[in-house]
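A short worksheet on the structure shown next.
The values are calculated or read from the model by the stated rules, or taken from the named source; none is laboratory data. The structure displayed is predicted, hence computed values, not measured ones. Heads up, the Cβs are rebuilt from the backbone with ideal geometry, glycines too, and the neighbour counts pull from every protein chain shown.
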């Protein structure tokens, strides 16, 4: 089927609706509108049509408008106040400066659809800066009406995160399809963390799509997803579902997630408390200011729980060498790190203030080590009010105890 086949069969093109579920309400809060065409083999997705850059923009906009109009008629017929998510390629929006979509939005508003019900989901925004600025102006106008803007981020890389920040969406959409049959790539954790932090700074909500199994739902829940979408929670269909269709499922699964997370957090708390008690006794035995002796004996005393240690003052200046266990399992001093300053690292000074005030150690979040690129945690401990011990814990140690 080619473009002309599609254009000649508009009467056979219909909107399908895929539910989007919220974590807070555990209800269907809206539907993404997807184009389908009736063929002899059954209903077929129109994704191939919208993604084909050889098809004239006028054709794309005509079919896109037809699908939207049909979807709005169904929303009005059902009398629902749920949100309707429309896809919009940046390329198509820029073609006519968003005028086609703007006209449609005004028409829907006049028919009785509130602007606040509509979400414009933008993709293909990897464009030149000048075009990005034009796109930003279009989206800013839509937002001024009350329309929400969602930006899709796909893949495992940091590319386009800066552009997402510039476009300043209400919703950031994150794809999980690539995690279906394999574990999470380490770089994906960093991308998700960046998207989560960006969302917090600009006030955007995370929507995870491509959820096809319970593991992906758990992953979305663990990583701050407010909205969920995917075949596990409903395939695209010609009609709507009961708003509470997935409430029982989500309530049950969320309780499993909560139980597991509470157990994990308690385990981390106990690990931190054990380290604190151990180091209180360990450091008492050492002479103050003999920094290399203190760090080496502390690291040795923790066995497999530590692969590197060092000491800094309250301003972040490293006063000891690194004490490091190499690939052969042998410990060695790395004097070249003495004198480095680590105050620039996220949360460093905040944790120093907390330790100085509370006089207890702190276990960090999981993060990628700069040198090894492996996931680790760092345990920080106050030697006194001016000097602090940092001990890096390998991921394997944490994983074996389900403390990751």
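Points to keep in mind about this one:
- If you go through segment 1-29 and pick out every residue that is in a strand (DSSP E or B) and under 12 Å from residue 46 (Cβ atoms), you end up with 4.
- Cβ-Cβ contacts under 7 Å between residues 6 or more apart (or on different chains), taken from a first residue in segment 257-269 that is under 22 Å from residue 225 (Cβ atoms) to a second residue that is in a helix (DSSP H, G or I), are listed as 257/218; 257/221.
- Annotation note: of 311, 376, 393, 283, the sole residue that is in a strand (DSSP E or B) and at pLDDT below 95 is 376.
- Taking (1) in a helix (DSSP H, G or I); (2) buried (at least 18 other Cβ atoms within 10 Å of the Cβ) in turn, residue 324 satisfies each apart from (1).
- Of everything in segment 222-255 that is part of a helix (DSSP H, G or I) and assigned by TED's automatic domain parsing to the domain that holds residue 44, the residue that is modelled with the lowest pLDDT is 222.
- Which listed residue, of 32, 107, is assigned by TED's automatic domain parsing to the domain that holds residue 218, assigned to a strand (DSSP E or B) and over 15 Å from residue 139 (Cα atoms): 32
- Flag if residue 91 is crowded, with 16+ Cβ neighbours inside 10 Å, assigned by TED's automatic domain parsing to the domain that holds residue 36 and farther than 24 Å from residue 30 by Cβ: yes
- Segment 161-192 - residue that is at pLDDT 80 or above and either closer than 24 Å to residue 375 by Cβ or not assigned by TED's automatic domain parsing to the domain that holds residue 138 (or both) and, of those, surrounded by the fewest Cβ atoms within 10 Å (Cβ to Cβ): 161
- Test for residue 80: is it in contact (Cβ under 8 Å) with a residue 12 or more places away in the chain, out of contact with any strand residue (DSSP E or B) (no Cβ under 6 Å at 6 or more places or on another chain) and closer than 27 Å to residue 250 by Cβ: yes
- The residue that is nearest to the chain's Cα centre (by Cα), counting only those in segment 117-133 that are in a helix (DSSP H, G or I) and under 16 Å from residue 162 (Cα atoms), is 132.
- When we screen 59, 108 for residues that are touching a helix residue (DSSP H, G or I) at 6+ places or on another chain (Cβ under 8 Å) and either in contact (Cβ under 8 Å) with a residue 60 or more places away in the chain or surrounded by fewer than 20 Cβ atoms within 10 Å (Cβ to Cβ) (or both), the only hit is 59.
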